[in-house]
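Read the structure below first, then the notes.
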């Protein structure tokens, strides 16, 4: 019900059948490609492809990335809600932390400055595209009401499939900051899942991608300080 209220938005672009096809293929195929490339080459190549795809497809298909997008409201309530969810997840992350006993300071700094920033700015670009390709395909009219909900449901399914599989098939292989075998680690996963869906709401209410960047950046950045994690050793394995 909350999603149905918040996802009524001003349509900013018109998806075509090409977007339906692209979103479906990307949702199912890209996590498999990312996993395959990680096992063969390390994390860097699939990461570059992932971020390049996110920015490229948004600019190509939507015409805009959504950053510095003349937001509709200064502080959407959903943004504050998402920050709250992320802060709770960070508390869980701290108590379920995986500590690197031999931290590399330069690696941590590079991870914080480069990866945490680029990842937080990029991932939800693609996530939102996958959902909106279906949700905005038909005009939201009384005549289309049933079809609209079917298309929205498909969009949410593709969004969920992609976000779930890109984490379980790719990120989980090397992003070792939270122990998911602990109960509080499971709670962390549930909270970050909620945050993922809130990105959709935040974008719809604020019309500004920076509101999705901020909580995602906090999630990427802060665990580095209490875990000593560096992404550098995982980038290349050949």
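Identify, by number, the condition in (1) surrounded by fewer than 18 Cβ atoms within 10 Å (Cβ to Cβ); (2) part of a helix (DSSP H, G or I) that residue 238 doesn't meet. The failed condition is (2).
Residue count for the stretch 45-100, restricted to those that are more than 18 Å from the chain's Cα centre (by Cα), in a loop (DSSP other than H, G, I, E, B) and farther than 27 Å from residue 176 by Cβ: 10. The criterion of being part of a helix (DSSP H, G or I), in contact with a helix residue (DSSP H, G or I) (Cβ under 8 Å, 6 or more places away or on another chain), touching a residue at least 12 places away in the same chain (Cβ under 8 Å) and surrounded by fewer than 17 Cβ atoms within 10 Å (Cβ to Cβ) does not hold for residue 37. Is it the case that the stretch 67-84 has a residue that's without any contact (Cβ under 8 Å) to a residue 24 or more places away in the chain, surrounded by fewer than 16 Cβ atoms within 10 Å (Cβ to Cβ) and within 29 Å of residue 234 (Cα to Cα)? The answer is no, given that none of the residues of the stretch 67-84 is without any contact (Cβ under 8 Å) to a residue 24 or more places away in the chain, surrounded by fewer than 16 Cβ atoms within 10 Å (Cβ to Cβ) and within 29 Å of residue 234 (Cα to Cα). If you filter the stretch 1-27 down to residues that are within 18 Å of the chain's Cα centre (by Cα) and at pLDDT below 95, you find that the one that is surrounded by the most Cβ atoms within 10 Å (Cβ to Cβ) is 7.
In the stretch 115-146, the qualifying residues are those that are surrounded by 14 or more Cβ atoms within 10 Å (Cβ to Cβ) and without any contact (Cβ under 8 Å) to a residue 24 or more places away in the chain, and the one that is farthest from residue 225 (Cα to Cα) is 144. If you filter the stretch 95-114 down to residues that are more than 17 Å from residue 193 (Cα to Cα) and touching a strand residue (DSSP E or B) at 6+ places or on another chain (Cβ under 9 Å), you find that the one that is surrounded by the fewest Cβ atoms within 10 Å (Cβ to Cβ) is 98. Quick one: would you say residue 168 is crowded, with 16+ Cβ neighbours inside 10 Å, closer than 26 Å to residue 36 by Cα and in contact with a helix residue (DSSP H, G or I) (Cβ under 9 Å, 6 or more places away or on another chain)? Judged against the criteria, residue 168 is not a match.
Taking the stretch 131-174 as the range and being under 30 Å from residue 234 (Cβ atoms) and part of a loop (DSSP other than H, G, I, E, B) as the test, the residues that pass are 170, 174. Among the numbered criteria (1) modelled with pLDDT of 95 or more; (2) crowded, with 20+ Cβ neighbours inside 10 Å, which one does residue 204 miss? With (1) modelled with pLDDT of 95 or more; (2) crowded, with 20+ Cβ neighbours inside 10 Å applied to residue 204, the lone miss is (1).
The values are calculated or read from the model by the stated rules, or taken from the named source; none is laboratory data. Keep in mind it's a predicted model, so treat the numbers as computed, not measured. With ideal geometry, Cβ positions are generated from the backbone for all residues, glycine too; neighbour counts draw on all protein chains shown.
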